[in-house]
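Shown next, in structure tokens, is the structure this report addresses.
The values are calculated or read from the model by the stated rules, or taken from the named source; none is laboratory data. In this text the structure is predicted, and so the values were computed from the model without any measurement. All Cβ positions, glycine included, derive from the backbone under ideal geometry; neighbour counts span all protein chains shown.
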Amino acid sequence: MLTAIAIAVDGLGFAAWLFLSSVGLTLIYGVMRILNIAHGGFYALGAYSSAWAIGLYLQTGSTVAFTYLLIPLSAIAVGIIAGLLIERGVLRFMYGRDEVLMVLVTYAIFLILEDVTKIIWGTESLVAYQPAYYLGNIDIAGIPYTVYKFALIGLAIACAAVLWWGLNRTRTGKLLLVVIEDREISSALGINVTLFFTVTFIIGATLGALGGAVTAPQISVVPGIGAEIIVMAFAVIVIGGMGSIGGAIIGALFVGFARAISVHLYPAAELFSIYLVMAAVLAVKPYGLFALSERRKI
Amino acid sequence: MTKNLDRTEKGLIISLPVLIALGFILPEWIVNYIQVSLGTGLVALGVMLQMRAGLVSFGQGLYFCIGGYAAGMAGKFLGVSDIFVLVALGLFASVTVAFFAGFLLRRYREIFFAMLSLALSMILFGLLSKLEVLGSTDGFNLPSATYLGWAPEGDTAKYALYVATCIPTIICTILLNRYLRGPMGYVGEAIRENELRVEYLGTSAHRAVHIKYIIAAAVSGIGGVLWALALGHVDPEMTNWTTSGQFVFVSILSGTGNIVAPLFGTFILEIVRVYAVEASPNTWQMILGTLMLLTIIFLPKGLWSLIQKKKAAISTQKMAGSES
Amino acid sequence: MKTFLKKTILSTSICLTAVTGSALSYAAADEVKVGFVTFLSGGAAGPFGIPARNAAELMIESINAGKVPAPYNSAGLAGAKINPIFIDENSKQKVADYKKLVQKDGADIVVGYISSGSCKAIAPVAEEEKKLTVFFDCGTPQIFEDINTKPEYLFRTAAHATMDNVAAAKYVLSIKKDASSIAGINQNYAWGQDSWRDFSASMKKLKGGVKVSTEQFPKIYAGQYGSEISALLTKKPSIVHSSFWGGDMEALLIQGSGRGLFSRSQVILTTGETAMQRLGPQMPNGTIIGARGPNGPLAPDNELNDWFRKAYFDRFGSYPTYPSYHMVQAILGVKAAADKAASTEQNKIKSALKGLDFTTPSGNVSMALSGGHQAITETAYGTYKYNKDTGKGTLVNIKRYAASCVNPPANMKSLDWIESGFKGANCQ
């Protein structure tokens, strides 16, 4: 029973983190058809900038409460600066190229971002644990959990809700859905597709950075964290169906619970539980659980 | 006989003695990079082969690793060190796995093919990382190669292994070129263009993809054996997605224009990396990334397009010359 | 056809000139080229590679200027200045890179390698190339026990990892005599698996009937250990062992101490020392800390150590951690051997280094195992205590273990030695 409760809470907590870390990737893919490896770079930039900002701020001796503002702010700053630079500076010259080539382009950008973080923040780890502790703990069936973890679950739900509302209930969102459906027709209808791409990329980059920024207080921010997140995020969105927000939620839950179950019941399988789930899902549903419709051209 | 050979094949046949001669002329360290590049180049060739059919394998490391481990385990547990047996074993192991995995993978295209092949290779990575008898993530070492009972030592062994790497690489390349020029090869391109039409024309796209997949696995397995023998060591990193990713990048960077492009591309990328590390050991990734970006922007068809452009220029010059 | 041949010849000659041109720059006679291979990128760079490179830079400068305290106060290696070449260990072609370092860059000595995987691959190549190679940090005992049983050119100046976990078991039992169950959380790769195997085997030998309650093996660089910590909390073992290092270890500390893992179980971190400076108050009191040898705060009091800590702090703004100490060990070993041989000729250095005893900031190092090629050192463990007044973490209740107590004798493999109940161990 204790184990079952622990699996439920851990699985949910891990799924929330996975969703926050991968939703930016699925958004960019859905709209722009770019499998953005630089997502890992945004994640790392977000983690570094928020850990760095929290550290600077707390040196002044002020209250920890305001750090919860710093986290999203640093993510937005990273998203706008890095996202704008990359989309306007590189990607816009590449639209319409082969999907695989775009993977390579974003991989090159990722390599550059890796060294950029190293040049800005050095190789020593950054720790900014205060926000993770400030909210305290709660006991569930005798096991203490940090409230911060539940705050992340809440944030993940809020993110999903805002994205859903933005896409389905606003004019801009509906126009975006049109762009996703058919790029050429929508630009013929007078929709400014370029602007949509720029904005989407910035939002996607911000979401990637946000994933890193909220994770930073729980970990030690070190070079290389970006590379770790990419494959994990890919697995999540592939399981759910690439480009679908709902798919990212389901994918995160699948992977999150697979990991929690293996850790509690059979730790030896932890290393490949994610890939087993991915292979199993793809074997049954080749295009993920919530694939976008794809017309076959004859 | 020679009538059937196209330019690339003639070039390849001539390049074999040249390549072997280079092994004696060039300093050893660079021969070393050539040797490892031939091994990994074969895998990139496998990736390129699938890419011709529009399939991007982000898990080709799987067969690279299976080849290497098959050879390594034969050496470790059975005491086999004969290169012919090792290559045969690596080939057999990768083809067998590919035959069964092919039934699953042949149904997938585009990014889903990429991700599923990645998942398969990562499952092997997880398994190998757990197996302490195989040295876990540290891997284990291979014996020196022998040749039908001949066991050279010292410098002779190095040259022998180099020559023994060159020959199968060139043979594989020629055979693949043949295959790509044959009907089955062109079906691949047709599949990339429009799979439904291929089916309407009465060919099974699934079957064609399956065969392609097995052939790619076969060359990757051989590449794995040769690479492992050159290095003398195998570890699960061979099947990690980063390794597979590198194969994809090499194939794209070098372009799918010609069968030898991936072999050259692998070597060039290797040398660029070496000099980037030498120039700036702390930020070489940035240099590599920038170069990749510039290549993609200015040479969208890969490095090979440089050579093709030159060829075109030369032939127009010649035409102009003969006219005057 | 012709054009093809022409092109080949042309490109070959271009290659040749490019290659030989740079290879011809031989080292001057009063200078010795030392290649340093550590992680300069990737996850192991921050905690290991960069501190080791920093220590190397500091030592090279000080040795060249003759500023290191006695007995190393002569300038250079037997008078020859060290000319360093740094390369990144984070590469897929480690062997080819090593050969390039030796053949093209003309390194006279190679010092390097942090990952045990790299060491395994390089071990036979060093002999093949006949190049003096000193491993400074990698831990696997297999290097000389299985892979290179008759070393000629290969040395390791740090003790192997068996010592860390045997001493950990001894220390934890001296603190928690009533321990009934143990649990492990180690990274799922060779280092973590080996560490846990040595530790759990030692515990079973030292205290019969001790139970293993759970063995967690998360992926390296996973960073999120919420589920693993829950599993450890539900199982309530008396002792939790972890060989996590770098960012993973710090993440485990942050996530685990927030949830009371460290107060429910006695936690032992075999590489915890690297986190002491950074985490300070966040590291729970009572955690058992190791440093892979008598390094950092576990280092003995001696003039060399005082000098090294100060010089390192002045230059880099933080105190050196154990990878830095390991690097110093390797460089001083080479210097001691070169000075003794009064030559930088590798054959002379190599004979002088064989079986050598030399002193370092972490005390005495003796090249005692594997025919004088593998070092043993004493080791130490301590318990963490945060001092609120100074704002610094310290180690209390430090226990030292003699080299002969925690290392196998010369003719025995590490695991066999543990299984035999530490036969021949001399613990005075």
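Of the residues examined, A:Pro223 is not one that is without any contact (Cβ under 8 Å) to a residue 40 or more places away in the chain, over 30 Å from A:Thr172 (Cα atoms) and part of a loop (DSSP other than H, G, I, E, B). One residue is enough: does the range C:88-104 have a residue meeting the conditions part of a helix (DSSP H, G or I) and touching a Ser or Thr at 6+ places or on another chain (Cβ under 6 Å)? Yes, some residue in the range C:88-104 is part of a helix (DSSP H, G or I) and touching a Ser or Thr at 6+ places or on another chain (Cβ under 6 Å). Between B:Gly79, B:Gly102, the distinction of being away from chain A (no Cβ under 13 Å) and farther than 23 Å from B:Arg192 by Cβ belongs to B:Gly79 only.
Within the bounds of the range B:51-61, is there any residue that is within 25 Å of B:Glu199 (Cα to Cα), at the interface with chain A (Cβ under 10 Å from one of its Cβ atoms), part of a helix (DSSP H, G or I) and not acidic (Asp, Glu)? Within the range B:51-61, one or more residues are within 25 Å of B:Glu199 (Cα to Cα), at the interface with chain A (Cβ under 10 Å from one of its Cβ atoms), part of a helix (DSSP H, G or I) and not acidic (Asp, Glu). Restricting attention to the range C:273-293, the residues that are charged (D, E, K, R) and within 10 Å of chain A (Cβ to nearest Cβ) total 1. When the residues of the range B:62-76 are filtered to those that are of a type outside the set (Val, Ile, Thr) and within 27 Å of B:Met115 (Cβ to Cβ), the one that is farthest from the other protein chains (Cβ to nearest Cβ) is B:Ala70. The number of residues in the range C:223-238 being part of a loop (DSSP other than H, G, I, E, B), more than 7 Å from every other protein chain (Cβ to nearest Cβ) and surrounded by 19 or more Cβ atoms within 10 Å (Cβ to Cβ) comes to 2. Any idea which of C:Gly317, C:Gly272, C:Gly280 is under 16 Å from C:Pro51 (Cα atoms) and touching a residue at least 40 places away in the same chain (Cβ under 8 Å)? From the options C:Gly317, C:Gly272, C:Gly280, the qualifying one is C:Gly272. Exactly one residue out of C:Lys92, C:Lys104, C:Lys99 is touching a residue at least 40 places away in the same chain (Cβ under 8 Å), over 20 Å from C:Arg53 (Cβ atoms) and either among the acidic types (Asp, Glu) or out of contact with any strand residue (DSSP E or B) (no Cβ under 8 Å at 6 or more places or on another chain) (or both), and it is C:Lys104.
Screening the range B:154-230 for helices (runs of 4 or more DSSP H) wholly inside it with 3 or more residues that are under 30 Å from B:Asn141 (Cα atoms) returns the ranges B:154-181.
Quick grid of which residues meet (1) closer than 25 Å to C:Arg53 by Cβ; (2) touching a residue at least 12 places away in the same chain (Cβ under 8 Å); (3) touching a strand residue (DSSP E or B) at 6+ places or on another chain (Cβ under 8 Å):
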residue	(1), (2), (3)
C:Tyr325	yes, yes, yes
C:Ala330	yes, yes, yes
C:Ala342	no, yes, no
C:Glu345	no, no, no
C:Gly355	no, yes, yes
C:Thr359	yes, yes, yes
C:Val365	yes, yes, yes
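Could we say that C:Phe144 is surrounded by fewer than 24 Cβ atoms within 10 Å (Cβ to Cβ) and either free of Cβ contacts under 8 Å to residues at least 12 places away in the same chain or not assigned by TED's automatic domain parsing to the domain that holds C:Leu415 (or both) here? Yes, satisfied. Close contacts from the range A:86-110, counting a first residue that is surrounded by fewer than 14 Cβ atoms within 10 Å (Cβ to Cβ) and a second that is at pLDDT 85 or above and of a type in the set (A, V, I, L, M), with Cβ to Cβ under 6 Å and a gap of 6+ residues or different chains, come to none at all. Here is the figure for the range C:147-190: residues that are without any contact (Cβ under 8 Å) to a residue 40 or more places away in the chain and touching a strand residue (DSSP E or B) at 6+ places or on another chain (Cβ under 8 Å) total 2. Of everything in the range A:144-190 that is basic (Lys, Arg) and more than 14 Å from chain C (Cβ to nearest Cβ), the residue that is surrounded by the most Cβ atoms within 10 Å (Cβ to Cβ) is A:Arg183. Do we have any residue at all in the range B:252-268 that's crowded, with 20+ Cβ neighbours inside 10 Å, at the interface with chain A (Cβ under 10 Å from one of its Cβ atoms) and either aliphatic (A, V, I, L, M) or within 27 Å of B:Thr8 (Cβ to Cβ) (or both)? Yes. Working only within the range C:239-272, note down all residues that are of a type in the set (S, T, N, Q), more than 8 Å from chain A (Cβ to nearest Cβ) and touching a Phe, Trp or Tyr at 6+ places or on another chain (Cβ under 7 Å). Selection gives C:Ser243, C:Thr271. Among the candidates C:Val334, C:Val365, the residue that is assigned to a helix (DSSP H, G or I) and more than 30 Å from A:Ala128 (Cα to Cα) is uniquely C:Val334. Considering (1) in the same structural domain as C:Ile254 (by TED's automatic domain parsing); (2) surrounded by fewer than 18 Cβ atoms within 10 Å (Cβ to Cβ), the lone condition that C:Leu269 does not fulfil carries the number (2).
Here is a yes/no grid of residues against (1) of a type outside the set (S, T, N, Q); (2) away from every other protein chain (no Cβ under 14 Å); (3) surrounded by fewer than 21 Cβ atoms within 10 Å (Cβ to Cβ); (4) over 30 Å from A:Ala280 (Cβ atoms):
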| site | (1), (2), (3), (4) |
| --- | --- |
| B:Val87 | yes, yes, no, yes |
| B:Ala93 | yes, yes, no, no |
| B:Thr96 | no, yes, yes, no |
| B:Ala114 | yes, no, no, no |
| B:Met122 | yes, no, no, no |
| B:Gly126 | yes, no, no, no |
| B:Val133 | yes, no, yes, no |
| B:Ala145 | yes, no, no, yes |
| B:Ile167 | yes, yes, yes, yes |
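Could you tell me whether any residue of the range C:207-219 is more than 28 Å from A:Leu18 (Cβ to Cβ), in contact (Cβ under 8 Å) with a residue 40 or more places away in the chain, touching a Gly at 6+ places or on another chain (Cβ under 8 Å) and surrounded by fewer than 24 Cβ atoms within 10 Å (Cβ to Cβ)? Among the residues of the range C:207-219, not one is more than 28 Å from A:Leu18 (Cβ to Cβ), in contact (Cβ under 8 Å) with a residue 40 or more places away in the chain, touching a Gly at 6+ places or on another chain (Cβ under 8 Å) and surrounded by fewer than 24 Cβ atoms within 10 Å (Cβ to Cβ), which makes the answer no.
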